[in-house]
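The structure appears right after this line, and notes come after that.
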Amino acid sequence: MFKLYTYASCPYCAKVRSAFKEMGVQYEEIDAERGTPGSEELVKLGGKQQVPFLVDEKAGISMYESNDIIHYARSCTA
Ligand SMILES: N[C@@H](CCC(=O)N[C@@H](CS)C(=O)NCC(=O)O)C(=O)O
């Protein structure tokens, strides 16, 4: 299952959530607001404090950028 690091108020995260819903993508959402354990995890995994950030553990792939995330998920569900 995908892991998606987000902020509740981030419009790019909302765009990804909405696209995932439309595609029926199953994912675990992790709050990565500054000061949270999710934020520490995010920076450790991706190298910077930016959301949305996707991790596909099974494929060993991770990425920033909402458009790239949506594109990647679409390619996985195609
Ligand atoms: N081009 C990026 C923009 C992402 C972006 O600007 N995210 C903001 C939150 S809305 C962010 O992570 N800012 C860094 C921070 O708040 O620390 C995308 O489409 O994913």
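The values are calculated or read from the model by the stated rules, or taken from the named source; none is laboratory data. Please read these numbers as outputs of a predicted model, since none were measured by experiment. Virtual Cβ from ideal backbone geometry, glycine too; neighbours counted across all protein chains shown. Ligands, DNA and RNA are stripped out before the accessible areas are found, and what is left, the full protein with its side chains, is counted by its heavy atoms. Shrake-Rupley method; radii C 1.70, N 1.55, O 1.52, S 1.80 Å.
Which residue is surrounded by the fewest Cβ atoms within 10 Å (Cβ to Cβ), if the candidates are limited to the stretch 50-67 and must be over 10 Å from residue 5 (Cα atoms) and within 13 Å of the ligand (Cβ to nearest atom)?
Ranking the qualifying residues of the stretch 50-67, first place goes to 67.
State yes or no: is residue 34 closer than 12 Å to residue 6 by Cα and over 10 Å from the mean Cα position of the chain (by Cα)?
Yes; evaluated as a whole, the condition is true for this residue.
Looking at the stretch 7-38 only, could you name the residues that are near the ligand (Cβ under 9 Å from one of its atoms) and in contact (Cβ under 8 Å) with a residue 24 or more places away in the chain?
Hits for the stretch 7-38 are 7, 10, 12, 13, 15, 16, 32, 33.
Take residue 44 and decide whether it is over 13 Å from the mean Cα position of the chain (by Cα), within 16 Å of the ligand (Cβ to nearest atom) and open to solvent by 50 Å² or more (accessible area, probe 1.4 Å).
Considered against the rule, which asks whether it is over 13 Å from the mean Cα position of the chain (by Cα), within 16 Å of the ligand (Cβ to nearest atom) and open to solvent by 50 Å² or more (accessible area, probe 1.4 Å), residue 44 comes out as yes.
Taking the stretch 51-65, which residues are within 8 Å of the chain's Cα centre (by Cα) and not in a strand (DSSP E or B)?
Correct list: 51, 52.
So how many residues does the stretch 1-27 have that are farther than 17 Å from residue 74 by Cα, of a type outside the set (S, T, N, Q) and open to solvent by 80 Å² or more (accessible area, probe 1.4 Å)?
Selection size over the stretch 1-27: 2.
So if I check each of 75, 39, which one is surrounded by fewer than 17 Cβ atoms within 10 Å (Cβ to Cβ) and among the polar types (S, T, N, Q)?
Answer to the selection: 75.
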